[in-house]
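Read through the structure below, which is laid out as structure tokens, and then see the notes.
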Amino acid sequence: MNEAYRKKRSKFGEVVRRLKKNKAAVFSVFVLIIIVLVGIFADYLAPYPYDQQNYSLSFAKPSPEHWLGCDQLGRDILSRLIYATRQSLQLGILATAIAGILGITLGCIAGYYGGWVDMVIMRFLDIYQSIPMFLLCVTLAAVMGPSLRNAVLAIGISTVPLPARLMRASILTVRNQEFIEAARMCNASNRRIILKHIIPNAIAPVIVSITMTVGMNILAGASLSYIGLGAQPPIPEWGTMVADARNIMRDHAILALYPGLCIMITVLACNLLGDGLRDALDPRLKN
């Protein structure tokens, strides 16, 4: 048991060592940590409540009291950006978790059992994936009703095929290897083989995909909020803030620029981290 623990530690240390060599990935980790901390401690970091209005400060320019100025309703932009960080992160992470759990489960069943089970699941995913993802998101969100929770469910359900296909493909490369055959010879149950042997050795590509999917889902959530199917006013969310500024963008483009930059930075950090993890988890890279 100690030997197995040491092997796991050594593998983890090797991944960390490779990841540290990628400066862009390391920088993205620090950026994401800061963004997550801002979302967690939004109540303490925001100088004003996100819904506090003061019409005398409408379109106020940046000042010592309001570092980024105020919007058309006199609400502090910095405070709304900070609170919006929490909502956007919740949307991206929870939607990715839903897609990951469902996708990994389907991929494990299809890849391990094969045969008609694999055929049924994969044909179902083929039909499922033939519908454009964003169109499916919009349809599901419209049917369930506009809210942040329903947007999370819509995005999570819409992105299930990607982790499912990746998990299935990865399992197909390991399910017939010697250590799996040895586990079968020891009369290990299918559940134990999948959880203890197959998933740990097949999960690496899915981890990379999930990391990048968080950014993609944040972008999808912002898009749903922009068309009114995500977070509802006065709850701040980056897509909602862009939507609030669309009618006055010609004269006050800065109101859309701030949340747009937040979306861009978060998505870019997720993508850079995903690239770094892909290189670090690739066993062929023995630097």
Problem set entry | Given (1) at pLDDT 85 or above; (2) part of a loop (DSSP other than H, G, I, E, B), index of the condition residue 187 fails | (1)
Exercise. Counting just the residues of the stretch 38-83 that are of a type in the set (Val, Ile, Thr) and in contact with a Leu (Cβ under 8 Å, 6 or more places away or on another chain), which one comes out nearest to residue 257 (Cα to Cα)?
Worked result: 77
Exercise. Of all residues in the stretch 163-179, which are outside any helix (DSSP H, G or I) and surrounded by fewer than 16 Cβ atoms within 10 Å (Cβ to Cβ)?
Worked result: 173, 176, 177
For this session: Scan the stretch 221-248 and report the pairs whose first residue is more than 14 Å from residue 71 (Cβ to Cβ) and whose second residue is charged (D, E, K, R) and not in a helix (DSSP H, G or I), with Cβ atoms within less than 6 Å and a gap of 6+ or a chain change.
Result: 225/237; 231/237
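Any residue at all in the stretch 74-88 that is touching a helix residue (DSSP H, G or I) at 6+ places or on another chain (Cβ under 7 Å), under 30 Å from residue 198 (Cβ atoms), of a type in the set (S, T, N, Q) and buried (at least 20 other Cβ atoms within 10 Å of the Cβ)? Write out each step before concluding.
Step one: of the stretch 74-88, the residues touching a helix residue (DSSP H, G or I) at 6+ places or on another chain (Cβ under 7 Å) are 74, 77, 80-88.
Still in the list and also under 30 Å from residue 198 (Cβ atoms): none.
No, the stretch 74-88 contains no residue that is touching a helix residue (DSSP H, G or I) at 6+ places or on another chain (Cβ under 7 Å), under 30 Å from residue 198 (Cβ atoms), of a type in the set (S, T, N, Q) and buried (at least 20 other Cβ atoms within 10 Å of the Cβ).
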Exercise. Restricting attention to the stretch 216-241, which residues are in a helix (DSSP H, G or I) and either touching an Asp or Glu at 6+ places or on another chain (Cβ under 8 Å) or closer than 16 Å to residue 51 by Cα (or both)?
Worked result: 221, 222, 225, 238, 240, 241
Seminar exercise, completed: Residue count, the stretch 186-196, condition surrounded by 13 or more Cβ atoms within 10 Å (Cβ to Cβ) and either closer than 17 Å to residue 166 by Cα or within 23 Å of the chain's Cα centre (by Cα) (or both), comes to 1
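Among the residues of the stretch 102-117, write down those that are crowded, with 17+ Cβ neighbours inside 10 Å and either in contact with a Gly (Cβ under 6 Å, 6 or more places away or on another chain) or not β-branched (Val, Ile, Thr) (or both). Working first, answer last.
Just the residues of the stretch 102-117 that are crowded, with 17+ Cβ neighbours inside 10 Å, to begin with: 102-104, 106-112.
Within the stretch 102-117, 102, 103, 106, 107, 108, 110, 111, 112 qualify.
Out of the residues in the stretch 215-265 that are polar (S, T, N, Q) and over 20 Å from the mean Cα position of the chain (by Cα), state the one that is surrounded by the fewest Cβ atoms within 10 Å (Cβ to Cβ).
Looking only at the stretch 215-265, we keep the residues that are polar (S, T, N, Q), and these are 217, 223, 225, 232, 240, 247.
If we keep only those that are over 20 Å from the mean Cα position of the chain (by Cα) too, we end up with 232, 247.
Values: 232: 15, 247: 10.
Top of the filtered list is 247.
Before we move on, is residue 59 within 22 Å of residue 219 (Cα to Cα), out of contact with any helix residue (DSSP H, G or I) (no Cβ under 7 Å at 6 or more places or on another chain) and touching a residue at least 40 places away in the same chain (Cβ under 8 Å)?
Values: within 22 Å of residue 219 (Cα to Cα): no; out of contact with any helix residue (DSSP H, G or I) (no Cβ under 7 Å at 6 or more places or on another chain): yes; touching a residue at least 40 places away in the same chain (Cβ under 8 Å): yes.
So residue 59 does not fit the description; no.
The values are calculated or read from the model by the stated rules, or taken from the named source; none is laboratory data. A quick note: this is a predicted structure, and the numbers were derived from the prediction, not measured. Please note: Cβ atoms are built from the backbone with ideal geometry, for glycine as well, and neighbour counts cover all protein chains shown.
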